[in-house]
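What follows is a single structure, written as structure tokens, with notes after it.
Every number in this text was worked out from the coordinates using simple rules, so none of it is lab data. On a predicted model such as this, the values are computed, not experimentally measured, just so you know. Note: ideal-geometry Cβ built from the backbone for every residue, glycine included; neighbour counts use all protein chains shown.
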Amino acid sequence: MLSTTYKHVINAIENTYQTLDCTGAALVIFHNNELQVERYWGKHSAKKDARLVQSDTKFHIASCRKSYVAFAVAYALHHGFIQSLDAEILIYLPLPQQKELYKGITIRHLVTHSHGLIERNGEVVREFTAGTSWAYRDINVELISEIIQFTTKKTIAEILNYEVFTPSNFIETNWYNTFDDTFVDVIGKENNRHWSASLNLDGSK
């Protein structure tokens, strides 16, 4: 019999799925290495013949991957590849990537979205002085990826695979550049690159 706690979680997930602009959802809960909850709702897309969400369904995790990026930063800090979150990023970027524009920006600014950088017309410019405001952008993850790869000689994906996915026996959680019918469709704004599945495999996208 399900505990009240699990029932609350199930109801919360189901309510969220029905409220948001999505067609399906899944919930799996393990406690003390035992499966407690396994629930699936909806379909892979809004198409009439769309596949039902089931045990082999793969969801695009989108910005949830930032927890993976944060783990890679913690890994670099723990192993001494990065000395401090408050170090300027210029110290940890390869020479060709170093720009005057990056002066005063720290790794902490990157991981807290307070770096003040924005990409406009293919060029990175300063939107505000680092640490004075907050804005949700992609350029910080790209810079973090460059820093991680330059300092650790590993990609974010390699770190996650070796430190998390493989030890946890996550055999399907990963970055993909080919998609079969087990993947849900990306539902969002047409021709918007933020609403598309990346083909990147190194963890920077």
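Taken along the Cα-to-beta-carbon direction at a fixed 7 Å, the label points for residue 127 and residue 200 span 1.6 nm.
For region 121-178, chymotrypsin sites (Phe, Trp or Tyr not before Pro) meeting the loop criterion (DSSP other than H, G, I, E, B) and having at most 15 other Cβ atoms within 10 Å: 128, 134, 136, 170, 176. Subtracting the Cα-Cα distance of residue 118 and residue 71 from 0.36 nm times their residue separation leaves 14.6 nm of extension gain. Excluding the site residues themselves, the longest part of the chain lacking any GluC sites (Glu not before Pro) in a DSSP loop with at most 16 other Cβ atoms within 10 Å is 1-126. About its Cα centre, the dipole of the chain is roughly 280 debye, where the only charges are +1 on Lys and Arg Cβ and -1 on Asp and Glu Cβ.
A Förster distance of 45 Å, applied to the separation of the beta-carbon atoms of residue 182 and residue 8, puts the FRET efficiency at 0.95.
Using Cβ point charges alone (K and R +1, D and E -1), the dipole size of region 4-57 about the Cα centre works out to roughly 200 debye. Over all other residues within a Cβ to Cβ distance under 14 Å of residue 68, the charged ones net out to +1, with Lys and Arg as +1 and Asp and Glu as -1. Distance between the pseudo-spin-label points of residue 37 and residue 52 (7 Å out from Cα toward the beta carbon): 2.1 nm.
The Cα atoms of region 4-57 give a gyration tensor whose axes a ≥ b ≥ c have a/c of 1.5 or more with a/b no greater than b/c, which makes the shape oblate. Counting only DSSP beta bridges whose two residues both lie in the chain, roughly 95 percent are antiparallel. Each Lys or Arg adds one and each Asp or Glu takes one away; over the other residues whose Cβ falls under 13 Å from the Cβ of residue 112, this sums to +2.
Residues whose amide H falls under 5 Å from that of residue 127, counting only those 5 or more places apart or on a different chain, are 117, 118, with hydrogens built in the peptide plane. Before rounding to the nearest 500, sum -39500 (n - 2.57) across all DSSP H runs of length at least 4 in the chain and divide by the residue total; then give [θ] at 222 nm in deg cm²/dmol. Taken over the chain, the calculation gives -7500 deg cm²/dmol. For the chain, the alpha carbon convex hull comes to 166 Å³ per residue, rounded to a whole number.
Shown in residue order for region 25-36 are the 3J(HN,Hα) couplings computed by the Karplus curve 6.51 cos²θ - 1.76 cosθ + 1.60 at θ = phi - 60°: 7, 8, 9, 10, 10, 10, 9, 6, 6, 10, 5, 9 Hz (x for Gly and Pro).
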